[in-house]
Amino acid sequence: ALTPASTRSFPPGFVPWWRSEVRARLGEGGTCRPLGLDELVIKALAFSPQIRAISDDVLIQETAILVAEANFDWHAFMDSKFIRNSDPVGNLLETGGPPRLREADWGYTAGMRKRTTLGGAWEFSQRIGTEDSNSRFFVPKQQGNARLAISYNQPLMNGAGRASKSSLILLADIDTNVAMGRPSHLLQDHLLRLTESFWVLYLQRSLLLQRRQHLKRAQVVLEQLTRRREVDALESQILRATAAVAAREAELVRAAATIRNSQARIRVLTNSPEFLQDPYAELIPLDHPSLVRVDVSLSDALVTALQYRPEIDSASQEIQAASVRLRMSRNELMPVLDLVLETYVAGLRGDVDIGRAFADQFSVGEPGYTAGLVFEVPLGRRAALAKMRRRRLELRQLTEQFEEELQTVLTEVEVAVREVSATYGEMLGKYRAMKAAQADVDYASRRWEVLPGDDRSASFLLEDLLDAQDRLAIEEYGFAVAQRDYAISLTALNRATGTLLQQQQIEPVRMCLSLIHI
């Protein structure tokens, strides 16, 4: 009888009989490629287009930071315009005699503009041009002019303050952090699928070995019956054994096909050129499922998940972004009140002497200046109030979604912890069932060998033996499935706690983008 202690772990030194043969070549001809799970992960990181696409999401989102920061860069501008007017006059004082006022004005303006983090805007501009008119009062003729102006516009209420403008950069940075969590989530899912495919391949190779052994048992029975055909074997017994052999040979065909299917899925998930160049190579897994019990503390797993799950971090970042947008909407409730400052110097010369006019800006006369306030407020402020209400609702919605996400994550961790324990217990149960089925086969085989004959009792013994062999094959496959499930449950636990990348020693790195001048 099994003691309680012995039911918690496998006997010392126990390994399934097919373990060593899984690493051997199972197919005929072609090349073989031994590989471990770590190697598969490395190849997937290097060649998988899905992983590259996941990484590009972060780089794409990170450009939003540069776009937000670029709002505060210096902007150069220039414009040039020629104007030719010809208007009838109804007042002799406009021209001093000619019936039409004809004017020619050409101007060229260039300068720099810049927004400040306080919400203000600087502008430096230099204008030069020429102007001429047929008016007798236009003195001097063929004027050359120049004007250097400096202006500054500073919001005092709506749009004022460093936080109002830098919030755009902060929002872009938060969105990038959220985008960093999304690839981590997708990458862990991809690695989990890759791990599942690896252990499925191990399972299918184990199944093929089991089916071969299953076929071999039936062939031994058929050979013994064939040798005893002329002694005591019935023709019905030989036909029954022949049918069992045929059925088990058919199972081998399906087992071989499932191995090729598993290899194809691994090639797709890794996209390694080495695998694609030789798509018919036999992939041989070098790792084996563990038979060691892993005791997991639920409380520790929950704490780990709260620290490492990217979904929780992304949800909290989105709440922070919503809070920033709410503060911005509160600022937009205030009326527009801008301080406007401008100063300039100007020069004027005749005979299209633009050069002297440019020099006169700094030597003749004095600077002019302007100072004033601009006020504007929408009556009722319905748009601003609606926008702020929307931001409040968005913040409440994100808070509720965060609570839902938190509960979902904690549930996933609880299920994953329970699954590790359950699959290990299932594997122990399948082991005991497999050992019992093996004992049943040994007993039925001895009875059939010791009690031959051509009566109906011998046929019943043959049926019992073949049925016992079928039950053994089922239990061996069940044990192999339990091995696969236990191995996958350990990886799924790392995925549930968000530590799968750390377990594989993979660290996402945020790239620092810089502008490239072409």
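Candidates Leu398, Val296, Leu59 compared by Cα position along the dipole of the chain: farthest toward the positive end lies Leu398, with charges placed on Cβ.
Given the DSSP H assignment, sum -39500 (n - 2.57) over each helix run of at least 4 residues in the chain and divide by its residue total; what's the result at 222 nm in deg cm²/dmol, nearest 500?
Values: 13 runs with 307 residues, N = 518.
Value at 222 nm, helices only: -21000 deg cm²/dmol.
Normalised by the number of residues in the chain, the mean separation of alpha-carbon contacts (under 8 Å, six or more apart) gives a relative contact order of 21 percent. Once the Cα-Cα distance is subtracted from the 0.36 nm per residue extended length, the Arg136 to Thr258 segment shows a gain of 33.9 nm.
Tell me, in nm to one decimal, what length is gained between Gln407 and Ser236 on full extension, where the rule is 0.36 nm per residue of separation less the Cα-Cα distance?
Numbers: separation 171, 0.36 × 171 = 61.56 nm, distance 6.28 nm.
Taking 0.36 nm per residue and subtracting the Cα distance, the gain is 55.3 nm.
What's the center-to-center distance, using Cα atoms, between region 130-154 and region 99-128 in Å? That distance is 13 Å. Residues Tyr152, Tyr308, Tyr486 ordered from highest to lowest accessible area at a 1.4 Å probe: Tyr308, Tyr152, Tyr486.
Remark: spin-label model distance Val268-Gln307 equals 3.7 nm, labels positioned 7 Å along the Cα→Cβ axis.
Using a probe radius of 1.4 Å on heavy atoms only, what accessible surface per residue do you get for the chain? Whole Å² is fine.
Details: 28620 Å² over 518 residues.
With all protein chains present, the chain gives 55 Å² per residue.
With R₀ fixed at 22 Å, the C-beta to C-beta distance from Ala53 to His75 puts the FRET efficiency at about 0.05.
For Arg389 and Arg227, the FRET efficiency from 1/(1 + (r/R0)^6), where r spans their Cβ atoms and R0 equals 60 Å, is about 0.05. Summary of the geometry: region 254-329 and region 331-350, compared by the centres of their Cα atoms, lie 58 Å apart. With angles folded into 0 to 90 degrees, how steeply does helix 354-363 sit against the dominant principal axis of the chain? Use alpha carbons for both and round to 10. Orientation of helix 354-363: about 80 degrees from the principal axis. For the chain, the residue among Phe375, Phe460, Trp199 whose Cα projects farthest onto the positive side of the dipole built from Cβ charges is Phe375. Using a simple spin-label model with pseudo-atoms 7 Å out from Cα toward Cβ, Arg330 and Ile83 lie 4.7 nm apart. Looking only at region 207-230, which residues have a backbone nitrogen under 17 Å from a spot 7 Å from the Cα of Ala246 in the C-beta direction? Counting only backbone N, you get 215, 218-219, 222-223, 226. In terms of overall dimensions, the C-alpha atoms belonging to region 1-127 reach 128, 46, 24 Å along their principal axes, ordered largest to smallest. Taking every DSSP bridge with both residues inside the chain, close to 95 percent are antiparallel. Name the shape class, rounded, prolate or oblate, that the alpha-carbon gyration tensor gives for region 258-412, where a ≥ b ≥ c are the square roots of its eigenvalues, rounded holds for a/c under 1.5, and otherwise prolate holds if a/b is larger than b/c and oblate otherwise. Oblate.
Only protein heavy atoms count here; under a 1.4 Å probe, Phe137 has an accessible surface of about 120 Å².
So, R0 is 35 Å and r is the distance between the beta-carbons of Ser363 and Arg100; what FRET efficiency does that work out to, to 0.05? Provide the component values of the computation, followed by the final result.
On the way: r = 37 Å, r/R0 = 1.06.
Taking R0 as 35 Å, the efficiency between Ser363 and Arg100 is 0.40.
For region 211-301, the Stokes-Einstein estimate of translational diffusion at 4 °C and a viscosity of 1.567 mPa s comes to 74 µm²/s, using the Kirkwood hydrodynamic radius over alpha-carbon pairs.
The candidates Ile65, Ile42, arranged from most to least accessible area with a 1.4 Å probe in the full protein assembly, appear as Ile42, Ile65. The long axis of helix 310-332 is offset from the longest Cα principal axis of the chain by roughly 20 degrees.
If I stretch the segment between Ile42 and Arg19 completely, what's the gain in nm (0.36 nm per residue apart, minus their alpha carbon distance), one decimal? Mind dumping the intermediate values first?
Details: separation 23, 0.36 × 23 = 8.28 nm, distance 2.48 nm.
Contour length minus the Cα-Cα distance gives 5.8 nm.
For the chain, the direction-averaged projected area of the alpha-carbon convex hull comes to 42.5 nm².
The values are calculated or read from the model by the stated rules, or taken from the named source; none is laboratory data. Quick caveat: nothing in here was measured; it's all calculated off a predicted structure. Positions of Cβ are backbone-derived with ideal geometry, glycine not excepted, and every protein chain shown enters the neighbour counts. Note: areas computed on protein heavy atoms with side chains; ligands, DNA, RNA excluded. Shrake-Rupley method; radii C 1.70, N 1.55, O 1.52, S 1.80 Å.
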